Every structure is written in C-alpha cells, then in structure tokens.
Amino acid sequence: MDKNKVLQGLGFNLSNWQSGGLSVISPIDGSELGRVNKHSPADVEAMIDKAVQSFKKWRVVPPPQRGELVRLFGEELRAHKDLLGTLITMETGKILEEGRGEVQEMIDICDFAVGLSRQLYGLTIASERPQHRLMETWHPIGPIGVISPFNFPLAVWCWNFALAIGCGDSVLWKPSEKTPLSAFAALKLFERAVARFSHAPSDLLQIIIGGRDPVLMLTASPQIPVISATGSTGMGKAVAQAVGQRLGRTILELSGNNGMILTPSADLELATQAIAFAALGTTGQRCTSLRRLIVHSSLYETMIERLQKVYERIAIGNPLEQGTLMGPLIDKASFETMERALTNAKAQGGKVFGGGRILQDAYPDAYYVRPALVQIPIQTAIVREETFAPILYVMPYENFEQAIELQNDVSQGLSSCIFTNRMNEAEMFLSPSGSDCGIANVNIGPSGAEIGGAFGGEKETGGGRESGSDAWKNYMRRATNTINYSSDMPLAQGIHFDVRQI
C-alpha cells in the first residue's frame, strides 16, 4: 500500500510531515516515512502543566462517562484497523498480520476499559467499633507518564492509556523515536473520539518527542505520580532510581529471556508450531519471544531436525507482502547485536545453524536476517543475556528438576512455558517451586497477549503489571475511610482516652 495513502487515510496533512528534526525510517527498505519535530525542555514543561490542568477537570467526570470516551476511541480503531496496522508494519517491520493484530489488541483493551469504568469497586470492611463503617475507595491519581518501545508502538501504550483514561487520569506519552508516526496516528484517532464526546478537556493525551532529556523530565517531575516504562532492564533501572528519589510509582515491564521446557510426553507437532511463532514472530523482537528451548535429551536430536526444516523454509521478506512470515530487524544496530551474540555463542561452545544477513541486493538499506538456532550444551553467559533478535538457544536436560532449574537460572523473569501431557509436570511448573516468571503457560507458547490477564514479570523484568485483571489499581490512589454514625467516640483496640473526665 502507498505510504501517502496510509498517512492521509489516518488524517495526516502530508505537508506537515516533510520537515522536522527527527527522520522516521522504515526498516522494510530504509526509506524515509516522514519527519517530526523534537520537543524542547520548555515544551515538555508546558505539556506537564497542561496535563495537570486536564487531570483536574477529567477526574470529576463520572467513570461511566469516561468509559464512553474510551468506547468512542475503540470505534475509531475498528474503523481504521487496516490503515493503522499497515502503518505499524511500515514503522516496525513486523508482518501485516501482526500489525493488524496489534490494533486488535488496542480494541480489546478499550472494550475491557469500558466495562471496567462501571466496576472500579472499593470495599466495605467490618469495623470493630459499633455504628462505624470502614471502607476503601479508589480515586484518580494524576497525570500518567508512559514510555513505550518500538516493537509494540501502540499496544503497550494503549494498555496503559485506556485504563488510565477510564480511571480519570491524563496521559503524557513518550513513544520510541523509531516509531513516532504510529503514535501521532493514534493521537489523531483519539482526537476524533474527543470531538464526538462532550465532556473531555483538552490535552488529555499529549505526545512528547525526543531522546533521553524528556524521559528525565518526566521521571523527575513530582507532578507525574506514576511512570509506566517498557524497554530494557538498564532503562528501567534508571527510571526506577529517578522516580524512586521522589517516592513516585513505577510500572516497569522490562527484559524477557523466555524459556520453554519440552518434556518426553509433549505433543511435538503442537510444540513445533508454538516454537515457530514464539521464536520467529516479530523477527524475535518481542519481550515474550522464545529465546531458550530446554529439551529432554531423548527428544533433542529429533527437535533439532524438526526446527532446522522450519527455519530453512520460513518465508522472509517484505512484511507488507502476502505470505511473508518474518520481516527485517529494526535497524543496523540490532543486526550488529545479533552478530555479536552469535560470535559469543560459538566461542562458548555453541553450534550455530542459520544467522547472517540476506536480501542485501533487493534491500541494501534494510537488515533482513536468517533466524538462528544455537545448539549449546549448557546455559552459558550469552544464553543468560536477552538478545533482541531471532536467536533460539537449544539445551538438553536429563530430569525435570534440572529443567526447572535451567528455566529459572536467568536474571529475567517475564514469561515461560512447558509442553507436557503429564498433569504432575504441568502442576509442578505452575507451583511455587516451578517457574519464577510473571507468565507461566502450559502447552502454549510464552505469549501473554490476551488483555484479560495482567502482563508483566519478576526479577529484572521489573515487577510491573499492565493490561487486565486488577492492573487498573496502578492508575488510582486508594483511600481508607471510616464513618462514625454513633453519638460516641470509641477508639480502636479498646483504647480509653476520654477528656470529658478531666
């Protein structure tokens, strides 16, 4: 599809996107998609002030009315799903199926948030004092800062945005500098929803473009009570430290070095399908990508042969074309990182199948690669690192306890899975002594994409939770309330303190 038709269909005035300080490059062919202007520190300060004023107006709008705005935004997403999905593909290089799937994920979280707007429940608690009511209530907390990654330029933001707006907050969004056009397209669709809604203040959603400086301003501002950040562990540690210094809150979703245990009872056909998407989808550039395959020694050679056949015939090419299953890496730096990891893997005893750059003649300014399988006898230092590329390390194990130990013996704790038809193995994997990850799946890959469940992980993944379940509580403040409707003033714990006797 023609770039200009996509941008115009999403409401862009093309003359406004041809000059700016930041060039937006498509990983598909290295061409320029457009240019955007970066924001100065003074711009960011003004945007923070606007977000505060917008929050003060929005927080008093009843939650079901706030949910109506989210519903209208969801309608705009439905009407523009193909165009927006195509733009995501143009900016990220993921295949069209995945680009459209990302928009569907946005639609799903909007639906979730609409229902949630009538379910922001508190508690009534039994009081030990007569004629007293003890309860909890939840209130909007303030402007939310969202820092989102390139690989899911809209879905990760929308997990935060739809809930935050429904909870009564305003949002300041710092998207990846690699994917700003998708962000502005989402803003334009939200502005269409606002135009159909009679209760929304201006500046509920603002986009901040820039590098490290805007992030530092968001993390340092006491006017931003919550920062949600998705990206590397290094970035998350810096954000946590800055926000922690002012005792603010963080929602961190960071690195994943996700493993799959393949047991002797597993359905190998089912497992192969799961491995293929988990390891190759988004060209291995998902936080939930499968990076470590822990295979029982009795199946090891069989699975290597199976996977080599899959890797040999995987359709690699332009992600806008029908039938492509794997597009390019995001940029040259990602390709160089992949090359270094494979060099280190060989030095640490790994046997590499695949890897290397391809399609240079057709796409000299893009970075298409062959996915790599690495047979490696033990979990070495390079295996313990997260390399954001299509590299799958395959390791053997002898007994189930060893497999669990290998699965958990990394610093990241996002996602994990097991393929088994034995109930005791499945239950052990999900037990307190099993997987130590925030996501643990049985007979399905490591994805955690259904919005009904809270998404996030432990250890160096950051501990944050976004999307479903009770993640909405991250965007609100809790108040414990006591109401005395008696004519006495009894104290808790039976304390007597009666000044009337003085």
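The values are calculated or read from the model by the stated rules, or taken from the named source; none is laboratory data. Predicted model, so just to flag it, every value in this text is computed and none were measured. Don't worry about glycine lacking a Cβ; one is built from the backbone with ideal geometry, like all the others, and counts go over all protein chains shown. With ligands, DNA and RNA removed, areas are computed over all heavy atoms of the protein, side chains included. Shrake-Rupley method; radii C 1.70, N 1.55, O 1.52, S 1.80 Å.
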Rounding to the nearest 10 and keeping the result within 0 to 90°, find how far the Cα-based axis of helix 41-58 lies from the longest principal axis of the chain. 50
Computed over the chain: longest principal axis from alpha-carbon atoms vs helix 96-116 long axis, angle to nearest 10 degrees, is 20
Under the rule of -39500 (n - 2.57) per DSSP H run of 4 or more residues, summed and divided by the residues of the chain, what mean residue ellipticity at 222 nm is obtained, to the nearest 500 deg cm²/dmol? -12000 deg cm²/dmol
The chain accessible area per residue, 1.4 Å probe, protein heavy atoms, integer Å², reads 42
Can you give me the pair-distance distribution of the chain, C-alpha pairs, 10 Å bins, whole percents? 4, 18, 27, 24, 15, 7, 3, 1, 0, 0
Give me the percent of the accessible area of segment 362-476 that comes from carbon and sulfur atoms, probe 1.4 Å, all protein chains in place. 50
Report the one residue of N151, A471, L430 whose Cα lies farthest in the direction of the positive end of the charge dipole of the chain (charges on C-beta: Lys and Arg +1, Asp and Glu -1; origin at the Cα centre). A471
Given the chain, longest segment not containing exposed loop trypsin sites (Lys or Arg not before Pro) (DSSP; at most 14 other Cβ within 10 Å): 247-421
Count neighbours as other Cβ atoms within 10 Å of each site's Cβ, and list the GluC sites (Glu not before Pro) in segment 408-502 that are DSSP loop with at most 12 such neighbours. E450
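Quick one: putting +1 on the C-beta of Lys and Arg, -1 on the C-beta of Asp and Glu, what dipole do you get for segment 138-280 around its Cα centre, in Debye to the nearest 20? Spell out each step's value before the answer.
Details: 9 positive and 8 negative charges, 78 e Å.
Dipole magnitude for segment 138-280 comes out near 380 debye.
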Under 21 Å from K57, Cα to Cα: lysines that are on another chain or at least 8 residues apart: K473
Helix 332-347 versus the longest principal axis of the chain: what is the Cα-based angle in degrees, 0 to 90, to the nearest 10? 60
How about segment 430-502: which chymotrypsin sites (Phe, Trp or Tyr not before Pro) there are in a DSSP loop, with at most 10 other Cβ atoms within 10 Å of their Cβ? Y485, F497
In the structure shown, do any of K94/K351; K3/K188; K56/K188; K50/K174; K237/K459 have a Cα-Cα gap over 20 Å, and if so which? K94/K351; K56/K188
Within segment 273-321, list the GluC sites (Glu not before Pro) lying in a DSSP loop whose Cβ has at most 14 other Cβ atoms in a 10 Å radius. E321
How much of the accessible area of segment 39-150, in percent, comes from carbon and sulfur atoms when a 1.4 Å probe is used? 53
Taking protein heavy atoms only, a 1.4 Å probe, and rounding to whole percent, the accessible area of segment 151-310 owed to carbon and sulfur comes out at 54
Counting only DSSP beta bridges with both residues in the chain, what percent are antiparallel, rounded to the nearest 5? 40
